[in-house]
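Report on one structure; see the data block that follows.
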Amino acid sequence: MSSGPSERMKIGDFLLRRLKEAGVRHLFGVPGDYNLELLQQLQDMGALKWIGTCSELNASYAADGYARLNDLGALLVTNGVGALSAINGVGGSYSEHVPVICIAGSIPLRSIERGLGMHHTMADGNYNHFLDAYAHVTAAHARLTPRNAAAEIDRLILTAWREKLPVYMELPSDIAYLEIEVPVAPLVLAASPGDPERLSSCIAAIAGRLSAATSPAILVDADAGRFGVAPELMELAEKMQTPVAVINTAKSVIDENFPYYLGMYIGKASAPHVREAIETSDCLLAIGYRPLEVTTGDFSASLPVSTIHARGHSVDVGDDNYQAVTLKDVLKGVIDAVPQVRNRSPRPVAATLARTHTDYLHVDSSAKLTQAAYWRAIQGYLREGDVLFVDNGTSYALFGLTFPPKCTFVGSVNWGSIGYSVGALLGTLTAAPERRHILFVGDGSFQVTAQELSTILRHDHKPVIFLINNGGYTIERGYLGKTEAYNDIANWSYADLAKVFRRDTSARSFVVKTVMDLQNALSAPNDTLIFVESIMDRYDALAPVMNSSNNGADLDYGPRGPQRRDNQLRPTA
Ligand SMILES: Cc1ncc(C[n+]2csc(CCOP(=O)(O)OP(=O)(O)O)c2C)c(N)n1
Ligand SMILES: [Mg+2]
């Protein structure tokens, strides 16, 4: 705890004050008897705005989405039932490196000390189950007490922000109104000071190798966005005339219109010029690279052995491992240390895949809508500054589109929990209501978290939601069960939901069956929520999506798996 001047404050008030000082302006969650006292403090203090959600799962997704645009997000749940409902989303934040503070109003200390059985527990006398569970999906966790609260609140908030990972705190319901001694000074979000010698050695090692290289390149994973170093990476690329590729988790972290932007690297599924630039580079600088089957074209990615691996707080260059450094400081130092390159022969750049928004007019506009025509039309709909969401499913086709400048991509490629995007959309809308937010979601994913559309409508948000109604889990049909009923789902009247969730809604809803219908929906003004339900064939999916499912099945089930029978949806030519 700080040694400066202190004052007396209620624990709950102090927690809320610290959240606000850390830039958290909204709290998502569901009330419960163990957290109502903190909610009352929130109400009385007015420092944060409460955004009640339909479920704690959705609150965890919303806090994640909020943190993507706001650097930090938070949710409030009740003991056990709320905490476990939220743990999938918090696990996703851990997997995706998103700083989220999960606060659980928990069993009173009185009951814990006296061993009194309470509801929302396992009724086995053990009060640590949920703390223990959260230990696996957070960077830090604690149960607050009057003795540790001042220190632990700061430690947990700072840890989330520094590590870009979630944290979990239990606030026993009988201590929020107790006064403790707390620092007067505001919480400052800053990296812990590093080791100056390690930093300068690390910069010299990287700069030396980059300067000597003839074909340097940069490969970017999601952490480049999380740690906010895209501007430095672009400055470095410009100074060294070096191409930059991203993996799918980092879609749009590097502006896709940046002259040195190369494209997406996904092993054998990459464009040849991207693959060549990355795999044959004599000095590849990789940022936060975390290979998974879904980010590497089923492990066909192959980085040069000499690749420099820079992460949020450490760097590997050859045999040397540098600790006590931060990514931003390292990159800033490298930019200063490398020479300005003016004459590197430009790499071949692929012909742009971007199509104009009138392209789709050349197809028969009264024909049944196909995925191919759909995504061509969507390409023309995107505009500068959009926040673009994708959930699991055939909507992964979004990865193949070129984003205009200043767009933000929000997805959960590593964790991949269906329904994430609907909850997260509430979060990003809350964080940046002035931007246009567009969601691409399948009917199956949407059904998991659909109720949160009501919260989006309740707060008058104006996103555009593109839902593909293809009668079920098409992406799964590419793994197994092309025609099986387990991949079918109920056929909701999706376009009517806005009315169900808000009687007086002004939302514009469309049911789209042809290119002409889609064209009509795309011309609607963005002055209210737009919901576009597109009816498409259950066996229609773009080839890259189907190839990925087919290969995934081989990986998942092995050579003797059931995918060998002819029951897999395959790409059409
Ligand atoms: C929480 C969770 N449960 C199950 C899955 C498995 N899963 C992955 S994609 C998918 C189907 C998605 O279907 P839909 O959203 O309709 O997309 P489509 O491919 O049909 O466009 C399922 C069930 C998952 N990823 N997450
Ligand atoms: Mg579907």
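Shown here are the Rg and Dmax of the Cα trace of segment 4-156, at 14.8, 44 Å.
Solvent-accessible surface of protein heavy atoms, probed at 1.4 angstrom with all chains present, puts 113, 238, 256 in the order 113, 238, 256, largest first.
For a quick check of your reading of the filter: which trypsin sites (Lys or Arg not before Pro) in segment 368-466 sit in a DSSP loop and have no more than 15 other Cβ atoms within 10 Å? Before the final figure, lay out each step's value.
On the way: sites: 368, 376, 383, 406, 435, 436, 458; in loops: 383, 406, 435, 436.
When the trypsin sites (Lys or Arg not before Pro) of segment 368-466 are filtered for loop state and at most 15 Cβ neighbours within 10 Å, 383, 406 remain.
Overall form of the chain: oblate. Here a/c, set by the Cα gyration tensor axes a ≥ b ≥ c, is 1.5 or more, and a/b is not larger than b/c.
Using a ≥ b ≥ c from the Cα gyration tensor of segment 383-470 (square roots of the eigenvalues), is it rounded, prolate or oblate, where a/c under 1.5 gives rounded and otherwise the larger of a/b and b/c decides, a/b for prolate? Mind dumping the intermediate values first?
Details: a/c = 1.68, a/b = 1.02, b/c = 1.65.
Verdict is oblate for segment 383-470.
Note on exposure: 560, 503 ranked by accessible area (1.4 Å probe, complete protein assembly) read 560, 503, with the most exposed listed first.
Rounded to the nearest 500 deg cm²/dmol, what is the calculated helix-only ellipticity per residue at 222 nm for the chain, with -39500 (n - 2.57) per DSSP H run of length n ≥ 4?
-10000 deg cm²/dmol, from helical runs alone.
How large, in percent, is the carbon and sulfur part of the accessible surface of the chain at a probe radius of 1.4 Å? Please list the in-between numbers first.
Details: 12050 of 22980 Å².
In the chain, the share of accessible area belonging to carbon and sulfur is 52 percent.
Given R₀ = 45 Å, FRET efficiency for residue 319-residue 184 by Cβ-Cβ distance, to 0.05? Intermediate results must be reported in sequence, preceding the final value.
Details: r = 48 Å, r/R0 = 1.06.
The value I calculate is 0.40.
Solvent-accessible surface of protein heavy atoms, probed at 1.4 angstrom with all chains present, puts 506, 548 in the order 506, 548, largest first.
Just check segment 277-326 against the gyration tensor rule for me: Cα atoms, a ≥ b ≥ c as the square roots of the eigenvalues, rounded for a/c under 1.5, and otherwise prolate or oblate depending on whether a/b exceeds b/c. Please report the intermediate quantities before stating the final value.
Numbers: a/c = 2.69, a/b = 1.49, b/c = 1.80.
It is oblate, given that a/c is not under 1.5 and a/b is not larger than b/c.
Quick check for you: with a 1.4 Å probe and neighbouring chains kept, what is the accessible area per residue of the chain, in Å²?
Spelled out: the 1.4 Å probe surface of the chain, per residue, equals 40 Å².
Label point 7 Å out from residue 44 along Cα-to-Cβ: which residues of segment 1-22 have amide N under 14 Å? In segment 1-22, the label zone of residue 44 (backbone N under 14 Å from the point 7 Å along Cα→Cβ) covers 9-17. With both residues required to sit in the chain, DSSP beta bridges show an antiparallel share near 15%.
Across the cross-link table entries 368/462; 20/462; 251/368; 10/499, which are compared at the Cα atoms, the separations over 32 Å belong to 10/499.
Each other residue within a Cβ distance under 11 Å of residue 321 adds +1 if Lys or Arg and -1 if Asp or Glu, for a net charge of -1. Apply the Debye scattering formula to segment 1-66, with a single equal point scatterer on each alpha-carbon and no solvent, then give log10 I(q)/I(0) at q = 0.19, 0.21, 0.27 Å⁻¹. Relative scattering, expressed as log10 I(q)/I(0), comes to -0.79, -0.92, -1.27.
First select every other residue whose beta carbon is under 15 angstrom from the beta carbon of residue 566; then total the charges, Lys and Arg +1, Asp and Glu -1.
Details: positive: 477, 482, 564, 565, 570; negative: 484, 554.
Value of the local net charge: +3.
The values are calculated or read from the model by the stated rules, or taken from the named source; none is laboratory data. What you see is a predicted model; the values in this text were computed from it and never measured. When we count neighbours, we look across all protein chains shown, and the Cβ atoms used for this are built from the backbone with ideal geometry, even at glycine. Keep in mind that these areas ignore ligands, DNA and RNA; they rest on the heavy atoms of the full protein, side chains included. Shrake-Rupley method; radii C 1.70, N 1.55, O 1.52, S 1.80 Å.
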